[in-house]
Amino acid sequence: MAVFDKNATPYQAFHAVLWDCAYRLDMHTALLQAGECDQHRVHQARVALRRLRTARKAFAPLADEQGWRPFTEMLRKMAASLGQIRDLDVLANALLARLPKEQATPLADAFARARSRRCRLLVRLLKSPSGARLLPSFFESLRLPLPETPLPVSLRAFADQSLRQLHRRVLTLAKRKGNVRHQHALRKRIKELRYTAEFFSSLYRHRPVQDYLDHLQVTQDTLGQVIDAHTSLLQLVVLTREFPDIAPLLPSLNDLLEEDLLKAKTLLNPALNAVKKTLPFWQD
């Protein structure tokens, strides 16, 4: 959904996107602090946070780096804390339904206790002095007057350039075969490109934009399966150290996750080829 008028200036569009992203993050983190730490709420908070951070990159020429600096560290800490909860959720979703009851029960208990502790740490972070000041300070900065000097380019020209740069980065990474760290970097760039395309979508014809987003989504999801399987193998080791009573389950659980990894890897090359063939809608 568009959050700015097509005739807006680049600064006005940036301002509107930041307001929208910050509002969504504020809403979801408030619900997390109120005790709604379910998978859906954690996911929505992560999306809102990623969109806010992506807005900074999509509008990079307009971003005041000095103005962003007070928020950067807390945003990073929030992302890390939310990510730890999400990694547990992915591991639980990958394993619990596939296990017999005598194995699932102790594992589910370990998940619940670990997740509860991580949710408490997240709430503590959000309620800390720096966490509590983050969004009020951010909204206060958004109330400052916009720069008076207009850019020499239209919003459409600005959007074309931003999308072109992000698209090139994705293609460069997609053409290189790499390890899981490389795949994770590619997935992050694809997310940034997707969110940026969504920010500017009202400036273009709907169908080409949607086709482009659909191609990116397929590749992102496939990369996600590969990365989640790798991450789950690491998370399982961490969980076993935290709850030694589930250690006897480790070999069989590892086998299940290795099976998931192999399946995901078979889909990787077709997904990467798909993203290479995406048609830049901003050139129509």
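Of all residues in segment 168-183, none satisfies being modelled with pLDDT of 90 or more, under 19 Å from L267 (Cα atoms), under 14 Å from the mean Cα position of the chain (by Cα) and β-branched (V, I, T). Figure legend. Inter-residue proximity from segment 203-223: first residues within 27 Å of T266 (Cβ to Cβ) and in contact (Cβ under 8 Å) with a residue 24 or more places away in the chain, second residues aromatic (F, W, Y) and buried (at least 19 other Cβ atoms within 10 Å of the Cβ), beta-carbon distance below 6 Å, spacing 6+ or different chains. Indicated pairs: Y212/F281.
Could you list, in sequence order, all residues of segment 109-131 that are among the small types (G, A, S) and either open to solvent by 50 Å² or more (accessible area, probe 1.4 Å) or part of a helix (DSSP H, G or I) (or both)? Full working, then the answer.
So in segment 109-131, the residues among the small types (G, A, S) come out as 110, 112, 114, 116, 128, 130-131.
If the condition is that a residue be among the small types (G, A, S) and either open to solvent by 50 Å² or more (accessible area, probe 1.4 Å) or part of a helix (DSSP H, G or I) (or both), then A110, A112, A114, S116, S130, G131 are the ones that fit.
Counting only helices (runs of 4 or more DSSP H) that sit completely within segment 1-99, those holding 2 or more residues that are touching a Cys at 6+ places or on another chain (Cβ under 6 Å) correspond to 39-58.
Quick one: which residue in P106, P136 is open to solvent by 30 Å² or more (accessible area, probe 1.4 Å), of a type outside the set (S, T, N, Q) and under 19 Å from M78 (Cβ atoms)? Quick ask: steps written out before the conclusion?
Values: P106 fails: under 19 Å from M78 (Cβ atoms).
Exactly one of P106, P136 is open to solvent by 30 Å² or more (accessible area, probe 1.4 Å), of a type outside the set (S, T, N, Q) and under 19 Å from M78 (Cβ atoms), namely P136.
Only one of R205, R181, R187 is farther than 17 Å from A159 by Cα, loosely packed, with under 14 Cβ neighbours inside 10 Å and out of contact with any strand residue (DSSP E or B) (no Cβ under 6 Å at 6 or more places or on another chain). Can you tell me which? Let's see the steps before the verdict.
Working: R205 fails: farther than 17 Å from A159 by Cα; R187 fails: loosely packed, with under 14 Cβ neighbours inside 10 Å.
On inspection, the qualifying residue turns out to be R181.
The values are calculated or read from the model by the stated rules, or taken from the named source; none is laboratory data. Just so it is clear, the structure is predicted and the values come from calculations on it, not from any experiment. As a convention, Cβ positions derive from the backbone with ideal geometry for all residues, glycine included, and neighbour counts pool all protein chains shown. For the accessible areas, the whole protein counts, side chains as well, though only heavy atoms, and no ligand, DNA or RNA atoms are used. Shrake-Rupley method; radii C 1.70, N 1.55, O 1.52, S 1.80 Å.
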